[in-house]
Amino acid sequence: MKPTENKRRRDFTRGALALLVGGAALSAARSRSPKLVWQIDPEQCSRCGRCATHCVLAPSAVKCFHSYSICGYCDLCGGYLRPDAKGRNTGAENQLCPTAAIKRTFIENPYYQYTIEEDLCVGCGICVEGCSVFGNGSMYLQVKHDLCVNCNECAIARACPSDAFKRIPASEAYLLKSDQEKRIG
Amino acid sequence: MFNYINESEVSGVGVIAAWGRTLNQRKTILIVVAPVVVLAGAGALWALSDWLGYDPAKGLSRSLPGMDGGPPESERNQADELNVDLAGELATYDGVPSSLPGSWPRFRGADFDNIHKGAAKLADHWPEDGPRVLWSVDLGEGHAAPAVLNGRVYLFDYDEAKRADALRCFSLDDGKEIWRRSYELPAKRNHGLSRTIPAVTEDCVLAMGPRCHVSCVDAETGAFRWGLDLQKDHGTTEPLWFTGQCPLIEDGKAILAPAGPDALLMAVDCATGEIVWKTPNPNGWKMSHSSIMPLTLHGERMFVYAAAGGMVGVSMEGKTLWEIPWNASVIAPSPVAVAGDRVFITAGYGSGSLLVQVDEEGDGYVAKELARHGPKDWLACEQQTPILLDGLLYGIMPKDAGALKQQFVCYDPASGELVWSSGKTQRFGLGPFFLADEKFYVLDDDGTLTMLAVSATGYEELARYRVLDGHDAWGPIALAGTRMLLRDSTRMICLEMGAL
């Protein structure tokens, strides 16, 4: 065997070893790094409506969340009632939500509780806009991780005009609006 | 036995041609084809009837009024008859008034401009762990902010456990309570409860409760002097979400805006509780959340009030000097005088702003609308009143201001131009803001305090720290000496802001 052939063999072995060690290290590092998921920063969301139309799922994995600690439980609810509503009641003609996904329940005068029916919510954000403009902003959008398929490149994030979509650790997969709610969560 | 037709005959022409060759063949074709034709026809008829009879609304239910289980609208929001004993009761505690200097005696401070003019130097930067918290006090849910005089901190609170309005007096030193005067009042949380700032003089403290109850007590001891139920006594309509009107003391008189059928504004003697004068309310304007501001126009000091319905200028003796209609639905900010005998008023919820020119005419005044803007077009604020400094107006834009929403902005009222804004990454919710020692202090909804350099050219942030935990930190900021008082919805804190 010629010395040059020996050298080539050694180089090959070293290269293969380096590749093996590097690959193992990379794999270990990847397994240690936290899994990331997509989420909406409610402070940056501009309620443009693209969450409902750009998700690869139909209906969208984005749903309206409601913070009861922030809600004012108003009879005159900007998230439930159309701005030109003729009455403050459950009549379909008065409701802002295009899919009637918000349920209104009387508690005691003058308080009403509003709950989101997730199956009906399409993530359009119309109620979020209403609640933000004429309310406390207790309604906001979040990606539901039991629905989201966590695309590597989220189609909504690509279309989001306000950079509200963020990659966050799966261990804390929601950006809830109030500290109080975080403690409960 | 079957006779099969050739493949070449399996076509329309082929089948017809094949038809009639032999009787057997005909029979075979009929036996095979007839059931298929009958079944296909029946299937087609069934499909057609199903298609025609399809009810697209099947499975849907109608949403009709009354499905929330609530009472009819006609029975809601009926004013409940309250019989409140405004004298209530006085409780005393072991707090001791502070000897520290400085005061913040009412809403927007001593000069009604939200600018602190004390000589104390305030820190230009803060330690890594933020400004030092000297003391804190738990409060009932609300947005009421304190007034400070003679080492005492006065705050109008709501005691949720006892269901009572409570005017509380604390020591500026350590936040210990000195006395508390409270009266029972049924009130339900409606975006918080308390929301006004008392007015305090050496003589007395004047406070207005969320349901329009006015009380005047001794500033030192809390002894009760007199009280008024504006709804019951003067026909006031309680504004949506309770009242935010901060009362005013001027020359020993309480200046109030009941906006009832018999008086738009009125003055009450602080010593006796007697009504000194009333300004008529011919337009039937209603009480807003705005507060009466003493402004000087054409060299004359007058009371300016933005009611729900319009804005009015009233002389020190209660005579209407000028008025102008403005149909903003909810008005929380108060009027601001700008150069050229003009008055600027703004409101949230889509109202935007109104700039009014007040001119002398004959022996009186006339008000003319100079400009009216939507919230996306010019300076507008939803809750807080803009600050006028060196001819420029500073404020926080409302939620419906488009790209500028919730940004801290500077506008030039003379040119109408936006001078600068804080940018899309710096938004402050509905935050209160005020000016001291040539620095702006802005508190956002979540309790983050930001210190800005006063600049006519651009946004310059000096420091930022989250000083409060809670949400809805909407109560205006007060400063006495170097002690800054801030609150969120349930807690008040005192920060040491002196130069390091």
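For this structure, a couple of remarks:
- Members of segment B:396-438 found to be among the β-branched types (Val, Ile, Thr) and either under 15 Å from residue B:349 (Cα atoms) or in contact with a Cys (Cβ under 8 Å, 6 or more places away or on another chain) (or both), listed by number: B:396, B:419
- Condition check for residue B:464: touching a residue at least 60 places away in the same chain (Cβ under 8 Å), outside the structural domain of residue B:356 (by TED's automatic domain parsing) and under 25 Å from residue B:499 (Cα atoms): no
- In summary, residue B:271 fulfils each of the numbered conditions (1) of a type outside the set (S, T, N, Q); (2) surrounded by fewer than 19 Cβ atoms within 10 Å (Cβ to Cβ); (3) within 23 Å of residue B:253 (Cα to Cα); (4) in contact with a Pro (Cβ under 8 Å, 6 or more places away or on another chain) with the single exception of condition (4).
- Flag for residue B:316 being surrounded by 22 or more Cβ atoms within 10 Å (Cβ to Cβ), in contact (Cβ under 8 Å) with a residue 60 or more places away in the chain and of a type outside the set (Asp, Glu): no
- When residues of segment A:43-53 are limited to those that are under 20 Å from residue B:400 (Cα atoms) and surrounded by 19 or more Cβ atoms within 10 Å (Cβ to Cβ), the one nearest to the other protein chains (Cβ to nearest Cβ): A:46
- The set of residues in segment A:54-75 that are touching a residue at least 40 places away in the same chain (Cβ under 8 Å) and either of a type in the set (S, T, N, Q) or within 14 Å of chain B (Cβ to nearest Cβ) (or both) comprises A:60, A:67, A:68, A:69, A:70, A:71, A:72, A:73, A:74.
- Positions within segment A:19-50 being at pLDDT 85 or above and in a loop (DSSP other than H, G, I, E, B), in sequence order: A:35, A:41, A:42, A:44, A:45, A:46, A:47, A:48, A:49
- Within segment B:197-219, the set of residues being free of Cβ contacts under 8 Å to residues at least 60 places away in the same chain and touching a Cys at 6+ places or on another chain (Cβ under 9 Å) comprises B:205, B:207, B:208, B:216, B:217, B:218.
- Per-region count, segment B:46-74, residues within 14 Å of chain A (Cβ to nearest Cβ), in a loop (DSSP other than H, G, I, E, B) and surrounded by fewer than 10 Cβ atoms within 10 Å (Cβ to Cβ): 5
- Test: residue in segment B:281-290 that is buried (at least 18 other Cβ atoms within 10 Å of the Cβ), at pLDDT 95 or above, more than 18 Å from residue B:235 (Cα to Cα) and of a type in the set (A, V, I, L, M, F, W, C): no
- Within segment A:16-33, none of the residues are more than 12 Å from chain B (Cβ to nearest Cβ) and touching a strand residue (DSSP E or B) at 6+ places or on another chain (Cβ under 7 Å).
- In segment B:75-96, residue modelled with the lowest pLDDT [restricted to those that are touching a Gly at 6+ places or on another chain (Cβ under 9 Å) and either over 30 Å from residue B:212 (Cβ atoms) or at the interface with chain A (Cβ under 9 Å from one of its Cβ atoms) (or both)]: B:76
- Of all residues in segment B:277-299, those that are in contact (Cβ under 8 Å) with a residue 12 or more places away in the chain and either in contact with a Lys or Arg (Cβ under 6 Å, 6 or more places away or on another chain) or of a type outside the set (A, V, I, L, M, F, W, C) (or both) total 14.
- Filter pass, residue B:385 being β-branched (Val, Ile, Thr), within 28 Å of residue A:46 (Cβ to Cβ) and part of a loop (DSSP other than H, G, I, E, B): yes
- Among the residues of segment B:173-207, those identified as of a type in the set (A, V, I, L, M), in contact with a Phe, Trp or Tyr (Cβ under 9 Å, 6 or more places away or on another chain) and either surrounded by fewer than 17 Cβ atoms within 10 Å (Cβ to Cβ) or farther than 22 Å from residue B:494 by Cα (or both) are B:185, B:187.
- Selection count, segment A:126-165, where residues are under 19 Å from residue A:70 (Cβ atoms) and polar (S, T, N, Q): 4
- Contact annotation: residue pairs with Cβ atoms under 8 Å, 6 or more positions apart or on different chains, pairing a residue in segment B:119-138 that is touching a residue at least 40 places away in the same chain (Cβ under 8 Å) and at positive phi with a partner that is surrounded by 11 or more Cβ atoms within 10 Å (Cβ to Cβ) and β-branched (Val, Ile, Thr), are B:130/B:467.
- Residue in segment A:61-68 that is aromatic (Phe, Trp, Tyr), assigned by TED's automatic domain parsing to the domain that holds residue A:45, in contact with a Ser or Thr (Cβ under 9 Å, 6 or more places away or on another chain) and surrounded by fewer than 20 Cβ atoms within 10 Å (Cβ to Cβ) present: yes
- Exactly one residue out of B:101, B:131 is closer than 29 Å to residue B:462 by Cβ, in contact with a Phe, Trp or Tyr (Cβ under 9 Å, 6 or more places away or on another chain) and more than 14 Å from every other protein chain (Cβ to nearest Cβ), and it is B:131.
- Residue among B:55, B:94 that is of a type in the set (Asp, Glu) and either under 33 Å from the mean Cα position of the chain (by Cα) or in the same structural domain as residue B:240 (by TED's automatic domain parsing) (or both): B:94
- The criterion of being surrounded by 23 or more Cβ atoms within 10 Å (Cβ to Cβ) and touching a Lys or Arg at 6+ places or on another chain (Cβ under 7 Å) holds for residue B:144.
- Listing of strands (runs of 3 or more DSSP E) fully contained in segment B:252-364 that carry 1 or more residues being in contact with a Gly (Cβ under 8 Å, 6 or more places away or on another chain) and farther than 29 Å from residue B:399 by Cβ: B:265-269, B:275-279, B:293-297, B:300-307, B:320-326, B:352-361
- Being touching a strand residue (DSSP E or B) at 6+ places or on another chain (Cβ under 7 Å) and assigned to a loop (DSSP other than H, G, I, E, B) holds for only one residue in B:90, B:86, and it is B:86.
- Condition met for residue A:16 (of a type in the set (Gly, Ala, Ser), modelled with pLDDT under 95 and assigned to a loop (DSSP other than H, G, I, E, B)): no
- Number of residues in segment B:173-199 that are more than 14 Å from every other protein chain (Cβ to nearest Cβ) and of a type outside the set (S, T, N, Q): the value is 15.
The values are calculated or read from the model by the stated rules, or taken from the named source; none is laboratory data. The structure presented is a predicted model; accordingly, all values stated were derived computationally and were not measured. Cβ atoms come from the backbone with ideal geometry, glycine included; neighbour counts cover every protein chain shown.
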